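The block underneath contains the structure these notes are about, expressed in C-alpha cells.
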Amino acid sequence: MNPARHLVLVGPMGAGKTSIGRCLARHFGLAFVDSDHAIEQRTGTTVTTIFDCTGEAGFRARERDTLAELLAGPAAVLATGGGAVLDAGTRRLLAASGFVVHLRADVPTQLERLARDRSRPLLASGDREATLNRLATERDPLYAEVADLVFDTRHLPAADAARQLAQQLDARWERRPCTARPTEPAA
C-alpha cells in the first residue's frame, strides 16, 4: 500500500483519465484536476498552441511545473496528460507524491473513443493507429514504472469503470495527508 493524499491517473489518451477521474473525485469527496486544463489556465493558451510555439519539450516543462504545484496543494484526483511520464523528473514526482493508477486501453479502444476528437496535437496528422501504437510502445513501460495499480478500461463505460476501480482503491489506497511539500526528487 502506498499512502498518499493524491490519486493520480496516468495512461494513454482515450483511456478515460478525465471521465473516470471526475467520477472517482465525486466518490472520494475530492477535487478533480485535469493537468492539461490546469496548464491552459496557467498559460492562458491551449495545449495545441503551446506545442506549436514551444514544441513538445516546452510543453513537458510546463506540465512538470504544473504537476509539482498541484501535488503541493490540497488532496485531489489528478488526471495527467498521456505523455506526462516521458519526463523522468515528473515520473519521480508522481511516484513520490501520489497513489498512481495506470488506466490501460488498447489501441482499438483508443481509436474508437478518439474518433471525433481533433484536439490532440500528437494525432493532428498522419496515421492515427500507427501513432497510437508508437506511443504505446514508448510509454507503456513508463506507466508501469510509476503505477501502484493497473486498471483496464476497455469495454467499460466511465461510471462502471470508476465504480470498479473505486472498490479496488478502497482496498489498496491509504489516503494520508502529506506532511511535507512534494519536491522533485534528485536524479
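The values are calculated or read from the model by the stated rules, or taken from the named source; none is laboratory data. This structure is a prediction, so every number in the text was calculated from the model and none was measured. Cβ coordinates were reconstructed from backbone atoms using ideal geometry, including for glycine residues, and neighbour counts include every protein chain displayed.
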Flag for residue 27 being touching a residue at least 60 places away in the same chain (Cβ under 8 Å) and in contact with a helix residue (DSSP H, G or I) (Cβ under 9 Å, 6 or more places away or on another chain): yes
Near pairs, Cβ below 9 angstrom, 6+ apart or cross-chain, from region 96-115 (closer than 16 Å to residue 137 by Cβ) to any residue that is of a type outside the set (A, V, I, L, M, F, W, C) and part of a strand (DSSP E or B): 104/152; 105/152; 106/152
First in region 143-162 and under 23 Å from residue 90 (Cα atoms) and touching a residue at least 60 places away in the same chain (Cβ under 8 Å), second anywhere and part of a helix (DSSP H, G or I) and not β-branched (Val, Ile, Thr), Cβ under 8 Å, 6 or more apart: 145/91; 145/95; 146/91; 146/94; 146/95; 148/172
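In this structure, is residue 186 at pLDDT below 95, farther than 15 Å from residue 10 by Cα and not β-branched (Val, Ile, Thr)?
Yes; evaluated as a whole, the condition is true for this residue.
Only one of these is assigned to a helix (DSSP H, G or I), touching a His at 6+ places or on another chain (Cβ under 6 Å), within 18 Å of residue 19 (Cβ to Cβ) and modelled with pLDDT of 90 or more: 159, 166. Name it. Reasoning before the result, please.
Values: 159 fails: touching a His at 6+ places or on another chain (Cβ under 6 Å).
Going through 159, 166 in turn, the sole match is 166.
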